[in-house]
Amino acid sequence: SEGTVVLAYSGGLDTSCILVWLKEQGYDVITFLANVGQDEDFKAAKEKAETLGAKKVFIEDVRAEFVEDFIWPALQANAVYEDRYLLGTAIARPCIARKLVEIAVREGAQFVSHGATGKGNDQIRFELSCYALYPEVKVIAPWRISEFYKRFKGRKDLMEYAQV
């Protein structure tokens, strides 16, 4: 094994393909799905991760800490982007990363991974949070690895890969 990686998992196409790809690269993969209040079929996501070969699957309800430690302080600080947009999704990333790191440390994982593409700021939010909390961790960001993004140029390639 190349080591153990904890993957921030959604159960969607990207992170499901990343789970399989990480296994192909020789990693033991543990998945983590955070319940921050989204409408999600957590049971189906757990079953999918297990079917795809996740060594362990963690689904944790972080709604209370998301509100208390992230949403409430953001509201108190009037953290609104361009005087218009609430930052619910952006603020969720450090909350998810905190639990991701907690699981990585507890499970002795040397790596964490996520499905954020290079197009947005989610990758930065995840990674800076992870490094701040676990400086020794190595982040595997598949969408920035040329072997991965050359193989999967878009959803069509991911769909074909998922059907194999």
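Values quoted throughout were computed directly from the atomic coordinates according to the rules given, and no laboratory measurement underlies them. Being a predicted model, the structure only gives us computed values, none of them experimental. Quick reminder, even Gly has a Cβ in these numbers, built from the backbone with ideal geometry, and neighbours come from all protein chains shown.
Counting only DSSP beta bridges whose two residues both lie in the chain, roughly 10 percent are antiparallel.
Between the helical axis of 13-24 and the longest alpha-carbon principal axis of the chain there is an angle of about 50 degrees. In degrees between 0 and 90, to the nearest 10, how far off the longest principal axis of the chain does helix 42-51 point, with axes built from Cα atoms? Value to nearest ten degrees: 30. Over all other residues within a Cβ to Cβ distance under 14 Å of GLN123, the charged ones net out to +1, with Lys and Arg as +1 and Asp and Glu as -1. From its DSSP helices (H runs of at least four residues, each -39,500 (n - 2.57)), the chain gives a residue-normalised ellipticity at 222 nm of -14000 deg cm²/dmol. Axis angle, to the nearest 10 degrees, between helix 122-133 and the longest C-alpha principal axis of the chain: 80 degrees.
Each label point was placed 7 Å from the Cα along the Cα-to-Cβ direction; for MET159 and ASN121 their separation is 3.2 nm. Which option, (i) 20.6, 59; (ii) 15.8, 49; (iii) 19.4, 61, is the value of Rg and Dmax of the Cα atoms in Å that was calculated from these coordinates? Of the labelled values, this structure produces (ii). Straight-line cross-link reach from LYS43 at under 20 Å between alpha-carbon atoms covers these aspartates and glutamates, not counting any fewer than eight positions away in the same chain: ASP14, GLU60, ASP61.
For the cross-link pairs LYS99/LYS138; LYS56/LYS150; LYS46/LYS119; LYS99/LYS156; LYS55/LYS119, the ones whose C-alpha atoms lie over 24 Å apart are LYS56/LYS150; LYS46/LYS119; LYS99/LYS156; LYS55/LYS119. Count Lys and Arg as plus one, Asp and Glu as minus one, and take only other residues whose Cβ is under 14 Å from that of PHE70; the net charge is then +2.
Reported to the nearest whole Å, the Cα centre-to-centre distance from the stretch 48-96 to the stretch 130-146 is 18.
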